[in-house]
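Shown next, in structure tokens, is the structure this report addresses.
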Amino acid sequence: MLFPAMRVPLLDLNEQYHALAGAIRAELDQVFATQYFILGPKLGEFEEAIAGFLRSPHAIGVSSGTDALLATFMALEIGPGDAVVTSSFSFFATAGCIARVGAKPIFIDIDPATYNLSSAGLRSYIDNHCRKSEGRLLAHTGEMIRAIMPVHLFGLSCDMDEIGAVARDHGLLVIEDAAQAIGAEYPSSAGVAKIGTMGDAGCFSFYPSKNLGAAGDAGLVVCRSEQLATRLRACRNHGMGPRYHHSFIGGNFRLDEIQAAILKAKLPHLEGWATARRAAADFYREEFTRRGLTKQITLPAEPFRQSALPNHHVYYVYAIRVPRRDALREHLARREVETAVYYPLGLHEQECFASLRCKDRDLPETERAAREILALPIYPEISREAQVYVVSSIAEFFAR
Ligand SMILES: *Cc1c(COP(=O)(O)O)cnc(C)c1O
């Protein structure tokens, strides 16, 4: 071996926790002192803080990112007979929640450079496969299209101006799956906007590995409409209001006080972590370029870098594209570099959706990305030494 072995995990949360342990414990002590565990003061404090951070009028804490999506569909009464158009390349929850409320997920192929929903593909699907009937937009399978759900994959915003224009043209809702990109910004024609706040609702996840992670499951919905916010608050608590009176069916989608306290302690550090993730991404780019590897592998696209937005990307995932992906992955595993494949299958290829006939249109870019994509270690505290080791290990693979 040309260089000493080093173990590089995909993600390491230890350093972050040790730096914040005092602040987190102080917040937790307050929760235990009050013995108030559900819908108490910490939730309110966290909601106010994160609404300020996201510059959103309403923030509703919920039990997970999945439940954020589910509660949003329930609150908007999207269900049987409806369809939601989304990306074919995302975490399962994106499509799982559409199907769980009885609606049909319609998958659009991705832009091969960004891995995000292709806005050209979206337009082309609507223009060539849908029809209008009594002012409604009907999917190729007959359901009424109610919403577009862009997913800001890996920490990068979708092309929201284009998606917003399509939605306006056809009277559709926009529900953003913002689980992977909290804090990311988009240079909208209306000014700089934080992702999650450009549509009718934005859904976030605080799964521990996400850029802002709880110590368990947690999520959030943000919205501009007061009416939707009120409905979401009721929805997360069984559609209740007033007490023990239920005008519609919700669920138990509450964010508990322990998680809210931890998130409140971590939130002030999110911006700094995003900066550190971007610095790590810049360093990968320099190293891959310096070692002449940019022909063999494709680095992440940064379409909004020129816009001088600091948070043009928040690098939840550092994904490279490489044709011999599986062989490289095995090589890196032997070098003790942990990698991941997000995602090995398009959503349209999932067995559980076979009966929905989701595979009735070609989604070639999704299927190619599923074969070629590889996530490398990235987290705010990753050392330059570890990154040099990752890049050297990749260089070694191509030199053989
Ligand atoms: C993580 C994630 C979710 C679900 O969030 P959970 O908190 O794990 O339920 C939904 N969509 C995307 C794109 C995600 O990455």
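Just a few scattered comments:
- 1 or more residues touching a Lys or Arg at 6+ places or on another chain (Cβ under 7 Å) and either at positive phi or not assigned by TED's automatic domain parsing to the domain that holds residue 319 (or both): qualifying strands (runs of 3 or more DSSP E) within segment 87-169: 136-138, 144-149
- If only residues of segment 90-125 that are aromatic (Phe, Trp, Tyr) and within 13 Å of the ligand (Cβ to nearest atom) are counted, the one that is nearest to residue 353 (Cα to Cα) is 92.
- Here residue 199 clears all of (1) among the small types (Gly, Ala, Ser); (2) buried (at least 18 other Cβ atoms within 10 Å of the Cβ); (3) touching a Phe, Trp or Tyr at 6+ places or on another chain (Cβ under 6 Å) except the condition numbered (3).
- Segment 48-72: number of residues that are open to solvent by 20 Å² or more (accessible area, probe 1.4 Å) and in contact (Cβ under 8 Å) with a residue 60 or more places away in the chain: 8
- Every pair of residues 6+ apart whose Cβ atoms lie under 6 Å, when the first sits in segment 5-24 and is farther than 19 Å from residue 315 by Cβ while the second is open to solvent by 50 Å² or more (accessible area, probe 1.4 Å): 5/336; 7/336
- Residue identified as of a type in the set (Lys, Arg), surrounded by fewer than 20 Cβ atoms within 10 Å (Cβ to Cβ) and over 23 Å from residue 265 (Cα atoms) among 123, 231, 146: 123
- Hits in segment 299-356 - residues which are in contact with a strand residue (DSSP E or B) (Cβ under 8 Å, 6 or more places away or on another chain) and open to solvent by 70 Å² or more (accessible area, probe 1.4 Å): 310, 329, 336, 338
- Among the residues of segment 213-248, just one is touching a Lys or Arg at 6+ places or on another chain (Cβ under 8 Å) and within 11 Å of the ligand (Cβ to nearest atom), namely 213.
The values are calculated or read from the model by the stated rules, or taken from the named source; none is laboratory data. It should be emphasised that the depicted structure is a prediction, and the values quoted were computed from it without experimental measurement. Cβ coordinates were reconstructed from backbone atoms using ideal geometry, including for glycine residues, and neighbour counts include every protein chain displayed. Surface accessibility is based on the protein's heavy atoms, side chains included, excluding ligands, DNA and RNA. Shrake-Rupley method; radii C 1.70, N 1.55, O 1.52, S 1.80 Å.
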